[in-house]
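Okay, structure first, notes after.
Bear in mind that the values in this text are calculations on the coordinates, not laboratory data. The shown structure was predicted, so the numbers you read here are calculated from the model rather than taken from an experiment. Positions of Cβ are backbone-derived with ideal geometry, glycine not excepted, and every protein chain shown enters the neighbour counts.
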Amino acid sequence: MSLGALHQLVCFRRHNSSFSSDDSVMLQKFPQKLGFDLAKTMSEPRCKAASVSGSGAEYSEQLLGTKEKQKRRRVAGIDQDELLDPTALADPDSCFCEFKGVHIHHKINHADDQTEESFHNQVPSQLPYQTKRIGLPMILLHGFGASVFSWDRVMKPLAQVIGSKVLAFDRPAFGLTSRMSSSGNSDSGSEDTKPLNPYSMEFSVLATMFFVNFLATEKAILVGHSAGSLVAINMFFKAPERVAALILIAPAILAPGTAPKVVKENKRGRENHIQDGNSESNIQENPFIRIGKIFSKFTMYIAHAIMRILKGMVDMVNSLYKKALTGILRSAFAVMLVRMVIDKFGITAIRNAWYDANQITDHVLQGYTKPLRAKGWDRALVEYTIAMLADFGSESKPPLRKRLDEISCPVLIVTGDSDRLVPSWNAEKLSRAIPGSCLEVIKNCGHLPHEEKVEEFVLIVDRFLHRVFGASEEQLLQAAA
């Protein structure tokens, strides 16, 4: 029997229920001579069809699950399957040093030796940067979501401006600085006994102080961008004698409102004092008014006592709320949420920071998303958020906006007129709140003047430092002679 005839018999057997049992036995025996089992062969198509039809839904679910898994493994276009140690992502000019158990990534740029030699061969009007001999080092403090990469284009020009070293470092949770776990930091205990949270403002301030000492200098010029401006100002309040000047770029510092008019208040106070003096004799003569005054004081005392009790209850509720919130933020859900936010809005935030979108090259995007390849970047951002909330909720120090008038060092504020993240009007109000500060607004510029308008930014810094620290033209001529 040919294979074609055999196929017809098989098909006839499958569709004709009157097929005899003897013929069935014959067909089962005959194919054994050909080396295969017909019964098995006849049953396979049915099994396969049943398998495909029965597992279709499961297959679809597996396919969707695979797509979702692949989507979770990429954040802002960065593969999350093979995260690396930050040191493995370092650039050739990257440096690492340990401070309080954290390996801090930083870069240092020196003024060109050729530039220093040519200083003696040029007159001041020919010098590209006339403040190059002030000799004070500079420390650059990046903003939220940024890193040392954001300073790449200005580090060399700024080094030439000051004629000294320029250092930029990655704050914990950003860049290539090691990610530390702060889950072991307990909320209990005094401020002196609690370990220092590497993601706190205090740590960033102390790290800045560490690098001032690292540069072997008494004072340094601090340049802070966006949230880095908070670190710079807090560093001034921590050790004002170590800060030579502050340069705040698009500072993410909420400027205070308009100050009240003290003259009118004083006038009203004098009027009230006169009225009180006129009525004092009446109070002494009328015993009922005196009794009412005593009762009023007693009522106020009771009210203050009740307010203190209520405040204690509110503080207790706030403490419980903070602990509950911290627990939620340290959960796996919070990490997943951070990934979703960065994936959804990370690239968009980068694009919104620029005025000219044509300057956002692949190199820029890769530089900003590179830290997403470091191990523990998501958990570190969660810990940073917790520390930031704790810093804002702390009552140990007065709000920063109420201390701005205490800043006594030279201050330069630089902002872009088209900043969509921190509006330029906030920088203007901030300039009015800091005594003697200088405000510069760069036209057609967004949130990143030091990246988008490099030459203009450097010239503004040069003029400011020349005015504050620079020598006169006669002194420059004498030095060049």
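Quick notes on this one:
- Net +/- balance of residues flanking residue 382 in space, Cβ distance below 13 Å, scoring K and R +1, D and E -1: +2
- Label-point gap, in nm, between residue 425 and residue 348 - each point 7 angstrom along Cα→Cβ: 2.4
- Cβ-defined net charge surrounding residue 85, 13 Å radius [Lys, Arg +1; Asp, Glu -1]: +2
- Full extension of the chain between residue 93 and residue 112 yields a length gain of 5.3 nm, computed as 0.36 nm times the residue separation minus the alpha carbon distance.
- Convex hull of alpha carbon positions in segment 380-466: directionally averaged projected area 7.4 nm².
- Distance cut-off 16 Å, percentage of C-alpha pairs in segment 328-434 lying past it: 73
- Here the simple spin-label model places points 7 Å from the Cα toward Cβ, and for residue 254 and residue 153 these points are separated by 3.2 nm.
- The simple spin-label model puts a point 7 Å past each Cα toward its Cβ; for residue 459 and residue 239 those points are separated by 3.6 nm.
- You can think of it this way: the chain between residue 335 and residue 443 has 35.0 nm of extra reach, that is 0.36 nm per residue less the Cα-Cα gap.
- Too-long pairs where the Cα-Cα distance tops 26 Å, listed order kept, from 238/370; 219/370; 100/219; 402/453: 238/370; 219/370; 402/453
- Charge sum, other residues only, whose C-beta stays under 10 Å from residue 157's C-beta, Lys/Arg counted +1 and Asp/Glu -1: 0
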